[in-house]
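Bear in mind that the values in this text are calculations on the coordinates, not laboratory data. Only a predicted model underlies this, so the values are computations on that prediction, with no experimental measurement involved. Ideal geometry is used to build each Cβ from the backbone, glycine not excepted, and the neighbour counts take in all protein chains shown.
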Amino acid sequence: MRVLESEFAQSFIRLADDGWQLRFHERNGGNISYRIPNEEIETVREDLDFSGEWQEIGTSVPNLGGEFFMVTGSGKYFSDIKRIPEETCCIVEVDEKGTEYRIVWGLTKGGRPTSELPSHLMNHEVKKLASGGKSRVLYHCHPANVIAMTFVLPLEDKVFTRALWESMTECPVVFPAGVGVIPWMVCGGRDIAVASAEKMKEYDVLIWAHHGIFCIGEDFESTFGLAHTVEKSAEVYVKVRSMGMPVLQTIEKQNFLDLAKAFALDNLKKEFLD
Ligand code: 2HA
Ligand code: ZN
């Protein structure tokens, strides 16, 4: 089968387009990677080209040795992904040691995988180990309301988690572990990769201050849904704060505890309720 006929490539493209439609991706902002299961790579193997050169990843991910990833290309516009996926995306193979990659499909007019490849791979590695292999989709976007919140609130996990949980009832159901916050750092570098991978041990969604959302999930729909939920809640938060009227009521500690019981949220981070 051709790569673009596969269900995973179609889902990847749809995620990119959903993010574009929701204005999460100005210009070349954002990136996606998908850790492709062996059985899915086998279905498209005839369409892959293994003659490309190995290149340094810039970090070491030994637990991803031999794995294949579909990723967006560096500098490519999300608005183009649906129209010309083979020019804007690629599939990379990681070598057995986990220090080099080569492009085996896509970027037909040249280019490199996303500048955030080190962050993506290090976070995939952490989550692959923590999730028993279930985590596969990593999504990074630049939604306006989440970014706005990082200018006015202390950059603390608890503060952001509470603000988001309180702004929309279903948030604790969607991200019971809360959100982690990373202070401003140079994007695309190793430092932000290391800091994010450390926080990802605890969370599925991170907020990069003044930059955006970085989140991971098991499939395309739920990963996009996670980013979408966080941003929708941030939008409510920003609207409430912008109305110039005092907040008269909110979702209280006991309400969260009732929600945890009703939805069997065993992993709700209760220490964030006090
Ligand atoms: O432009 O979003 O963080 C791609 C990015 C880098
Ligand atoms: Zn970014």
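So how strong a dipole does the chain carry about its Cα centre when Lys and Arg Cβ are +1 and Asp and Glu Cβ are -1, to the nearest 20 debye?
840 debye
Normalising by residue count, the chain has a Cα convex hull of 123 Å³ per residue. Between Leu248, Leu259, Leu155, the residue with the greatest mean-square fluctuation in the GNM of the chain (Cα pairs under 10 Å linked by springs) is Leu248. Ranked from largest, the principal axis spans of the Cα set of region 3-99 equal 38, 29, 22 Å.
Counting every other Cβ atom within 10 Å of each residue's Cβ, Met1, Met168, Met122 order from fewest to most as Met1, Met168, Met122.
Using just its DSSP H runs of length 4 or more, each adding -39500 (n - 2.57), the chain gives a mean residue ellipticity at 222 nm of -11500 deg cm²/dmol after division by all residues. Residues Val3, Val146, Val186, arranged from fewest to most other Cβ atoms within 10 angstrom of their Cβ, appear as Val186, Val3, Val146. Normalised by 2.2 N^0.38 Å, where N is the number of residues, the alpha-carbon radius of gyration of region 109-185 equals 1.32. Excluding same-chain neighbours fewer than eight residues apart, the aspartates and glutamates reachable from Lys128 by a Cα-Cα span under 15 Å are Glu67, Glu198, Glu202, Asp204, Glu218, Asp219. Please list, in order along region 35-46, the HN-Hα scalar couplings obtained from phi with the Karplus expression 6.51 cos²θ - 1.76 cosθ + 1.60 (θ = phi - 60°), rounded to whole Hz, x for Gly and Pro. Taking θ as phi minus 60°, the curve returns 7, 7, x, 3, 5, 6, 5, 4, 5, 10, 4, 4 Hz for region 35-46.
Which of these, Gly30, Gly75, Gly217, has the largest mean-square fluctuation under a Gaussian network model of the chain (Cα springs below 10 Å)? For the chain, modelled as a Gaussian network with Cα springs under 10 Å, the answer is Gly75. Rounded to two decimals, the Cα-based Rg/Rh of region 159-255, with Kirkwood Rh, is 1.00. The calculated Kirkwood hydrodynamic radius for region 78-148 is 14.1 Å, given to one decimal from all distinct C-alpha pairs. The Cα center of region 257-274 and the Cα center of region 57-72 differ in position by 35 Å. With the charge dipole of the chain set up from +1 on Lys and Arg Cβ and -1 on Asp and Glu Cβ about the Cα centre, the Cα lying farthest toward the positive end among the listed residues Ile251, Gly189, Pro62 is that of Ile251. The translational diffusion coefficient of region 193-234, from Stokes-Einstein at 4 °C and 1.567 mPa s with a Kirkwood hydrodynamic radius over alpha carbon pairs, comes to 120 µm²/s. Just want to confirm a number: the relative contact order over region 56-100, from Cα pairs under 8 angstrom separated by 6+ residues, in percent. Dividing the mean separation by the residue count of region 56-100 yields 60 percent. Pairs with C-alpha atoms separated by more than 26 Å, drawn from the list Lys97/Lys158; Lys158/Lys201; Lys127/Lys270, are Lys97/Lys158. Going by neighbour counts of Cβ atoms within 10 Å, the residues Ser233, Ser222 line up, fewest first, as Ser222, Ser233. Compute a Gaussian network model of the chain, connecting alpha carbons closer than 10 Å, and tell me which residue from Val181, Val137, Val44 fluctuates the most. Answer for the Gaussian network model of the chain: Val44. Label separation (Phe151 vs Glu7): 4.4 nm, computed from points 7 Å beyond Cα along the C-beta direction. Computed from the C-beta positions of Glu218 and Trp54 and an R0 of 41 Å, the FRET efficiency is 0.90 to the nearest 0.05.
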